[in-house]
Amino acid sequence: MKAFVMKRIGEVGWMEKDRPACGPLDAICRPLALAPCTSDVHTVWEGALGDRHNMTLGHEALGIVDEVGSEVKDLKKGDRVIVPAITPDWGDEASQRGYPSQSTGMCGGWKFSNFKDGVFAEFFHVNEADNNLAKLPEGMSLEAAVMMPDMMSTGFMAAENARIPIGGSVAVFGIGPVGLCGIAGAKLRGAGRIFAIGTRAKPIEVAKAYGATDIISYKNGDTVKQIMDLTHGAGVDSVIVSGGGPDILVDAINVAKAGGAIGNNNYFGKGMFDKDYLPIPRVGWGFGMASKDIITGLCPGGKVRMERLAEIIKYKRMDPGLMATHVYKGLDKVEDALMMMKSKSGDLIKPVVICE
């Protein structure tokens with residue numbers, strides 16, 4: 001089979017690989033729809049995970065089941081499925097403690113294009129298929145559905161972790177696709193005023209459609225000061241961090257009210273920053289005593305999570321298809337889509353590749 005791989009840091013390309021083998025609990029899928037991620041860009045061109053050689057890229061997919069293991073009960077060949085970016089080992093100790101994304105080790109549920117070949121290939125392997133694959137609802141838009149495996153799950157996670165009260169105020173730092181899903185998640189959880197911090201025109205348009213009430217741009221001055229001025233010095237109840245450099249946590253803490261929660265899904269990867277530590281503002285954090293919590297997490301995966309996200313699309317609570325600004329046809333277009341994600345033109349939110 002052919003696969004699109006990271007050959008080494010800074011270099012990608014196509015190569016021939018063996019079709020993956022299917023274990024008794026597993027499935028082999030063909031890609032139905034794919035989406036490159038900013039994480040792929042960090043991995044290849046910034047060495048965020050360290051060096052990788054000939055590793056198949058990609059972790060956002062819809063698939064068509066091509067083979068199932070002898071012990072798989074709920075799936076059969078030909079089923080169209082949602083493939084979560086995070087595919088935990090559900091019997092692991094971390095899973096049993098309630099943290100399946102951390103199974104087998106810190107961030108160990110992230111297998112695709114991390115320490116296992118990803119989904120940008122003619123065939124890809126999914127572990128524990130009955131627990132990690134959800135059936136794709138009939139008639140659902142592929143452009144919308146392919147946002148579930150990572151973008152929706154990750155963005156909503158930050159909104160969940162930010163403990164948003166009904167009618168509460170929220171600041172969302174970074175309005176790429178994950179931050180946009182954070183805005184949508186904040187609205188779904190009952191937020192009142194939602195500040196979206198970003199500058200690009202197309203994401204701003206979608207941010208407003210998803211529920212942002214105020215747009216904050218660094219071009220108009222210090223973003224913390226703008227939010228504090230607009231809230232008459234009070235700050236916000238909850239913060240979502242979905243982008244920015246190491247100092248973004250300083251801004252997040254400084255705009256949060258005492259007792260507020262900061263849901264972080266920003267990826268502070270190796271190669272992106274020149275420091276091994278992230279700063280916390282001493283005064284803004286109440287000298288460590290302001291009850292301002294930073295809650296982190298890795299994108300929740302698994303069958304049930306995907307089924308619940310599908311319900312949000314099915315019942316029109318959110319249209320993630322608005323983020324699919326560029327759509328390609330055919331597996332061979334994965335490279336073009338990834339390069340578009342790397343260059344990030346002003347009208348881009350997310351490129352999608354339809355493979356069927």
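Annotations
- Every residue from segment 14-33 that is in contact (Cβ under 8 Å) with a residue 24 or more places away in the chain and not in a loop (DSSP other than H, G, I, E, B): 14, 15, 27, 28, 29, 30, 31, 32, 33
- Selection within segment 226-260 - over 23 Å from residue 160 (Cβ atoms) and among the hydrophobic types (A, V, I, L, M, F, W, C): 228, 230, 234, 250
Conditions tested, residue by residue: (1) surrounded by fewer than 21 Cβ atoms within 10 Å (Cβ to Cβ); (2) of a type in the set (A, V, I, L, M).
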| position | (1), (2) |
| --- | --- |
| 17 | yes, no |
| 40 | no, no |
| 64 | yes, yes |
| 76 | yes, no |
| 92 | yes, no |
| 96 | yes, no |
| 111 | no, no |
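This table checks each residue for (1) aliphatic (A, V, I, L, M); (2) part of a loop (DSSP other than H, G, I, E, B); (3) surrounded by 24 or more Cβ atoms within 10 Å (Cβ to Cβ).
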{"site": "158", "(1), (2), (3)": "yes, no, yes"}
{"site": "166", "(1), (2), (3)": "yes, yes, no"}
{"site": "191", "(1), (2), (3)": "yes, yes, yes"}
{"site": "199", "(1), (2), (3)": "no, yes, no"}
{"site": "203", "(1), (2), (3)": "no, no, yes"}
{"site": "232", "(1), (2), (3)": "no, yes, no"}
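- Restricting segment 234-255 to residues that are part of a helix (DSSP H, G or I) and β-branched (Val, Ile, Thr), the residue that is surrounded by the most Cβ atoms within 10 Å (Cβ to Cβ) is 255.
- Among the residues of segment 75-82, some residue qualifies, meaning at least one is aliphatic (A, V, I, L, M), in a strand (DSSP E or B) and within 15 Å of the chain's Cα centre (by Cα).
- Criterion (of a type in the set (Gly, Ala, Ser), modelled with pLDDT of 95 or more, out of contact with any Gly (no Cβ under 6 Å at 6 or more places or on another chain) and crowded, with 24+ Cβ neighbours inside 10 Å) met by exactly one of 171, 209, 258: 171
Yes or no, residue by residue, for (1) assigned by TED's automatic domain parsing to the domain that holds residue 143; (2) in a loop (DSSP other than H, G, I, E, B); (3) more than 29 Å from residue 27 (Cα to Cα); (4) without any contact (Cβ under 8 Å) to a residue 60 or more places away in the chain:
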| position | (1), (2), (3), (4) |
| --- | --- |
| 291 | no, yes, yes, yes |
| 306 | yes, no, no, no |
| 312 | yes, no, no, no |
| 317 | yes, yes, yes, no |
| 325 | yes, no, yes, no |
| 333 | yes, no, no, yes |
| 338 | yes, no, no, no |
| 348 | yes, yes, yes, no |
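The values are calculated or read from the model by the stated rules, or taken from the named source; none is laboratory data. Here the structure is a predicted model, which is why all the values come from computation and not from measurement. Heads up, the Cβs are rebuilt from the backbone with ideal geometry, glycines too, and the neighbour counts pull from every protein chain shown.
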